[in-house]
Every structure is written in C-alpha cells, then in structure tokens.
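The values are calculated or read from the model by the stated rules, or taken from the named source; none is laboratory data. What you see is a predicted model; the values in this text were computed from it and never measured. Here the Cβ is made from the backbone with ideal geometry for all residues, glycine too, and neighbour counts use every protein chain on show.
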Amino acid sequence: MKKKLLILSVLAGTAMTFAQQKITIIPSVGYAWRVAKTADNMDASQKEYVKGLKSGFNFDIGAYYRVNTLTGLGIKYNLYTASHTGDFNVANENIILNDFKTDDRISFVGPGFIYSNFEEDVKHRLYYDMAIGLISYVSKNQFVETKGSNLGLAATIGYMYGISPAVMIGPQFSYTGGVLKKYKINGTEYKPNEGEYEGLHRVAASLGATFRF
C-alpha cells in the first residue's frame, strides 16, 4: 500500500510540474549566412570585399507564455554580427583603402508565437516559432555609418532532447528577413534604386536550450 501511495505521489508531482510550466525561454547561439543578392552597382572587387560580411555570429532568444498544450505567445529577439577587414576600392575613384574594416549588425525584435509538443512526456520534442516585428541594420567603417529599419520576419524550427521536464537542448535552423528601401548614411536619408536595396535575409544553424518554468 505504501509503495502504491509513493508511486501515486511521484506521478502527481510530475503532473503538477508539467501543469505549472507556463513560461518557456529558448536561447541559442550559432552561425548565420546572409543570402540576399549583392547590389548590382558594385564592381567585382567590392563584391569580393562584401563576401567577408556575408557570414557571422547569430544569437536568438524567445520567451513565451503557454496558452494551451500546443501553443504559446511571447516575444522573439535575435542579433547578427559580422566584421571584415580587407582592401576596398572606392566607387568611381582610383583609390584603394588598405586594411579597411567594416562592422555589421542586424537585430530583430517582435511579438511571436510558438507551436510545440513540449507538454508531451517524451524525450524527443519539436517546435516551430515565428515573429513579425522590427528589423534594424547598422553598418560602420572608418568614414561611414549606415542605419535603417523596416518590417521583418523571424522563424525557427528546432529539435529538443529532454534532459529533464524543465530543461532541453538541441539544434535549430532559422530564417530572418527584411528589406531596406531607404536608410540613413551619416544621418542623411538615402533612397536607393530598385535592385540596390539592402537585403537583410539570412539563414542560421544554431545550438539552443529550452528552459521551462
């Protein structure tokens, strides 16, 4: 009888743990690749320089409140950073800048939702999240600072292995995208021609963790 009561107590405690886990936080770090086409008005040497900024560090985090057993609502943030140093040819000039360094930063934040089987009592779990919000771009070098923002989208699909009911770990694949049709260069607004827009699309492969409270 005592053994049965003990088993029932453990099962009840596990059920309460699952029932109380309303908050899900999913941070991840990894590597990302920008996939937007390079502007047509760049020459071959400039395109080669820009290649160095086409991949970089990716950080992502989402926080969600569980609405039901499958879905949750919350907020998603991610950040891409890349840096490159090399020789750069100035457009329409016979000038080559040696050891020219550029730092790029693309951030996204917005409301989102998550769809998952996190409530199931299994080791292997899957999830998908998506958010629509503000995507912002900053590019800096020794002479120019370019800034812009627009509506963007971020989505992630991931696999999670359950270490415990509250902690999971696994790989993620994500996409973040947006297009700048206008931006500011050293504070002055600039509207490029179609085909010269700044595409912010990227894909990323990351390792993430899930914490549930």
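General remarks:
- Pairs where the first residue, in the range 76-90, is β-branched (Val, Ile, Thr) and the second is surrounded by 18 or more Cβ atoms within 10 Å (Cβ to Cβ), C-beta under 9 Å, 6+ apart: 81/56; 81/58; 81/104; 81/106; 85/102
- Residues within the range 74-102 that are at pLDDT 80 or above, within 17 Å of residue 48 (Cα to Cα) and buried (at least 19 other Cβ atoms within 10 Å of the Cβ), tallied: 3
- Looking only at residues in the range 198-213 that are surrounded by fewer than 21 Cβ atoms within 10 Å (Cβ to Cβ) and within 17 Å of residue 136 (Cβ to Cβ), the one that is modelled with the lowest pLDDT is 198.
- Selected residue (only one of 60, 43, 87 is under 20 Å from residue 203 (Cβ atoms) and of a type in the set (Asp, Glu)): 60
- Among the candidates 183, 175, 159, residue that is free of Cβ contacts under 8 Å to residues at least 60 places away in the same chain, surrounded by fewer than 16 Cβ atoms within 10 Å (Cβ to Cβ) and of a type outside the set (A, V, I, L, M, F, W, C): 159
- In the range 1-39, of all residues being at pLDDT 70 or above and in a loop (DSSP other than H, G, I, E, B), the one that is surrounded by the fewest Cβ atoms within 10 Å (Cβ to Cβ) corresponds to 37.
- So residue 44, is it aliphatic (A, V, I, L, M) and more than 17 Å from residue 128 (Cβ to Cβ): yes
- Test result for residue 157, of a type outside the set (Asp, Glu) and more than 18 Å from residue 138 (Cα to Cα): yes
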